[in-house]
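Structure first, then comments.
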Amino acid sequence: MDGDEFEPILGSLQKKKPWEVDFKVYDPHDLLVKQEAIVDRLQSPLALSRETTTLLLRCCFWKEESLLESFLLDRDGTLAKVGLPEHPPRPKFEAGDESFMCEICYCDGADETYLALWCGHRFCRDCYRAYVSGKVHEGESWRIRCPAVKCRTLLGLEPARFILADDKAMLNRYEENLTRSFVNDLPTFSWCPAPNCEYAIECQVPRSTWETTIPTVHCRCGKAFCFSCKHDDHIPAPCSLVSMWMQKCKDDSETSNWIKANTKECVKCKSTIEKNGGCNHMVCRECHHEFCWVCMGPWAEHGQSYYNCNRFDEDSSKNARDSVSKSRAMLERYLHYFTRYNNHEQSAKLARRLLAATEKNMDQIQRDHTLSWIEVQFLSEAVDVLSLCRSTLKWSYVLGYYMKSGNQKTIFENNQSDLEMATELLNELVENPITEDGPSIEEFKRMVIDKSTYVKTRWETILADITAGLQENRWQFESE
Amino acid sequence: MADVPKRILKEIERLNRDPVPGIEVNTIEDNIRYFNVIMCGPSKSPYEGGRFKLELFLPEEYPMSPPKVRFLTKMYHPNIDKLGRICLDILKDKWSPALQIRTVLLSIQALLSAPNPDDPLANDVADQWKTDEKLAIQTATEWTQKYAIEVWAKNPEVKP
């Protein structure tokens, strides 16, 4: 594939949708090619050895233009700043002499073989191997320096490969670390977060627009994730809302809201008390303080009115009641959104199971109705659409939770409910097996395709609207 | 002691032959990788006159990994926490296998002369150092008196 071409997502020839972003998936080999290509581009303008060019690029995190600029302005300074010679000598092991002593193992004399970088610090071969292997084991690569105290000289790639030449496994690991560092050092690259996936993704969408254009990328392994926060695909909710929501769910902060709504604290010892019956004359189990449940005042002031607190209308008790009902309303609001969010998450899981069942179903239909494999694809395509919509619906509830009320929100909620209804209908249709007395296979196929197309249209409508709204700053969000 | 690297034996030999001024390094019988250290507080510092106990251990990977060093005497110092752990770059990422027990101990001694409250390990001490350096130095002097001078006067023959 050409270096500057991006793979289109979601089908091949469609025009890019407003919520889609350009990205490119790299396998480990592509990554090597990419690194070499950048080095190639810079080597001749810099007129340096390949080794030095590579190290310079790595030192400045592959910022080609700024490297070129600073190099042209101050050639020696740029080299000195990263501690590199123009043409590093070829690494070689040399025989020791009378004056040689390895500062690491204290071996000395002419029997030893040593290596020295251009800084002149000499260490014996075994120590160099142990040192570099240890660093590679820790995940280091090009940042490995001469082992001497406070020496800034970079070991370099060629010497490292030379030292590890007899240890193939370690050498491979070194090369892996180099690639790992390449992806980690470039802000436009990211590893796919799926376990054991070795693909990396390049996405050029500028960081400043990540909140309005959610950079959802699709790895070749099937994982869809947000390039910004690395969370699983969370379109259409922006990262900031997702992180607030996840924190909220994790904190279980609603438990404390429930406590707030259903219990009161003993005025004296602050024990949490839930009243589950009886009269208003409370005696705290902990400190035996006696108070009125309704007005929270000391019981002694109440006289004998056990079931009627005549102090109910006083301002202080009014305020207390207001705060209790407000906190209860907030809890109900959260639960409203959470139930729906959770429902779509569960349904998405079921949809994955449905996919397995659908594959069986497709087999069955193929055999029963002598249809070709391609002709029964409509079922799995419908399930794909379902999964997509479930995910979007799920995150749309997070968006809704934080969205301020108003006309804009009403429009959003209408779109949401349209998509939700259509999705449920499609789900029902796909789930039901074909029966003798049901519609014919041709009719069933037509219904599924019609429904899928409709759902897809609704999906595109809501995503287009939300994306436009984010970009136009039309949505107002509130944090708690 | 079966597999003691030549390097460790040589370092011990050199430390015995040519001791570091102001620092005593004592080996113990049953573990050649463990050392009891007594460090004199550097002059013109709040630690002057104190004799501070440290333990030093050379891990299996030494010298590819740094030694583990910890103060046993209570210290009032922004880069030393209450467990005696020391925040010093050469004991962590700036470690070089060409460093030795000798150079490590000298660096720790230098840290006593030049506390670095901007890279603290003990946050409360570092804050004190930054807000009221005079008071911090006074506290350090008091601690030195109490834990690193008087202790020795009471039990002169106790070896750490």
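The values are calculated or read from the model by the stated rules, or taken from the named source; none is laboratory data. Predicted model only: the values in this text are computed from it and were never measured. Note: ideal-geometry Cβ built from the backbone for every residue, glycine included; neighbour counts use all protein chains shown. The protein model used for the area step is the full one, side chains on, heavy atoms only, and it has no ligands, DNA or RNA in it. Shrake-Rupley method; radii C 1.70, N 1.55, O 1.52, S 1.80 Å.
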(request) Pop the C-beta distance of A:E69 and A:S208 into the FRET formula with R0 = 22 Å and round what comes out to the nearest 0.05. (result) 0.45
(message) Could you tell me the calculated FRET efficiency between A:E98 and B:K134, based on Cβ-Cβ distance and R0 = 45 angstrom, to the nearest 0.05?
(response) 0.20
(message) Going through the cross-link list A:K24/A:K404; A:K34/B:K68; A:K135/B:K10, which pairs have a Cα-Cα distance over 32 Å in this structure?
(response) A:K24/A:K404; A:K34/B:K68
(message) At 1.4 Å probe size, put B:F57, A:F412 in order of accessible surface, largest to smallest.
(response) B:F57, A:F412
(request) Mind listing, in residue-number order, the residues in the range A:143-189 that have at least 20 Å² less accessible area with every protein chain present than in their own chain alone (1.4 Å probe)? (result) A:P147, A:V149
(request) Kindly tabulate the residues in the range B:95-135 with an accessible-area decrease of at least 20 Å² between the chain alone and the assembly of all protein chains, using a probe of 1.4 Å. (result) B:S96, B:P97, B:A98, B:L99, B:Q100
(request) With a 1.4 Å probe and every protein chain left in place, work out the accessible area per residue of the protein assembly as shown in Å², rounded to a whole number. (result) 54
(message) Give the separation of the Cα centroids, the range A:165-198 to the range B:40-113, in Å.
(response) 35
(message) Helix A:407-431 against the longest principal axis of chain A: what's the angle in degrees, Cα atoms only, rounded to the nearest 10?
(response) 80
(request) Compute, for A:M421, the solvent-accessible surface of its heavy atoms (probe 1.4 Å) with the complete set of protein chains present, and express it in square angstrom to the nearest 10. (result) 120
(request) Using a/c under 1.5 as the rounded threshold, could you call the range A:94-166 rounded, prolate or oblate? The axes a ≥ b ≥ c are square roots of the C-alpha gyration tensor eigenvalues, and prolate needs a/b larger than b/c, oblate otherwise. (result) prolate
(request) Just need the relative contact order of the range B:6-154 here, percent rounded to a whole number, with Cα pairs under 8 Å and 6+ apart. (result) 22
(request) Could you look at chain A and say what percent of its accessible area is carbon and sulfur, using a 1.4 Å probe and all protein chains? (result) 51
(request) Find the sum over both chains of the accessible area lost when A and B are paired, probe 1.4 Å, and report it in Å² to the nearest 100. (result) 1100
(message) Do any residues of the range A:107-141 show a loss of at least 30 square angstrom of accessible area between the isolated chain and the full protein assembly, using a 1.4 Å probe, and if so which?
(response) A:Y131
(request) Compute the acute angle (0 to 90°) between the alpha-carbon long axis of helix A:377-402 and the principal axis of greatest extent of the alpha-carbon atoms of chain A; round to the nearest 10°. (result) 70
(request) Figure the gain on full extension for A:K230 and A:D76 (residue separation times 0.36 nm, minus the Cα-Cα span) and round it to one decimal in nm. (result) 51.4 nm
(request) Could you grab the relative contact order for chain A? Cα pairs under 8 Å, six or more apart, rounded to a whole percent. (result) 11
(message) For a Förster distance of 45 Å, can you work out the FRET efficiency between the beta-carbons of A:E359 and A:D166, rounded to the nearest 0.05?
(response) 0.35
(message) Give me the percent of accessible area attributable to carbon and sulfur for the range B:1-85, probe 1.4 angstrom.
(response) 50
(message) For the full complex of protein chains and a 1.4 angstrom probe, list A:H231, A:H137, B:H77 by accessible area with the highest value first.
(response) A:H137, A:H231, B:H77
(request) Please give the solvent-accessible surface of A:K456 in Å², to the nearest 10, using a probe radius of 1.4 Å with every protein chain present. (result) 70
(request) Order A:K223, B:K130, most accessible first, counting only protein heavy atoms with a 1.4 angstrom probe. (result) B:K130, A:K223
(message) Tell me the mean residue ellipticity at 222 nm calculated for chain B from its helices only (DSSP H runs of n ≥ 4, each -39500 (n - 2.57), averaged over every residue, nearest 500).
(response) -9000 deg cm²/dmol
(request) Might you report the magnitude of the Cβ-based charge dipole of chain B about its Cα centre, with Lys and Arg at +1 and Asp and Glu at -1, to the nearest 20 debye? (result) 280
(message) My understanding is that a pair violates if its Cα-Cα distance is over 31 Å; which of A:K15/A:K451; A:K275/A:K394; B:K53/B:K94; A:K17/A:K349 do that in this structure?
(response) A:K275/A:K394
(request) Enumerate the residues in the range A:39-57 having an amide nitrogen under 17 Å from the point lying 7 Å beyond the Cα of A:H87 toward its Cβ. (result) A:43-54
(message) With angles folded into 0 to 90 degrees, how steeply does helix A:168-185 sit against the dominant principal axis of chain A? Use alpha carbons for both and round to 10.
(response) 60
(request) Treating cross-link reach as a plain straight distance, find the aspartates and glutamates whose alpha-carbon is under 16 Å from the alpha-carbon of A:K16, omitting any fewer than eight places away in the same chain. (result) A:E5, A:E7, A:E460, A:D465
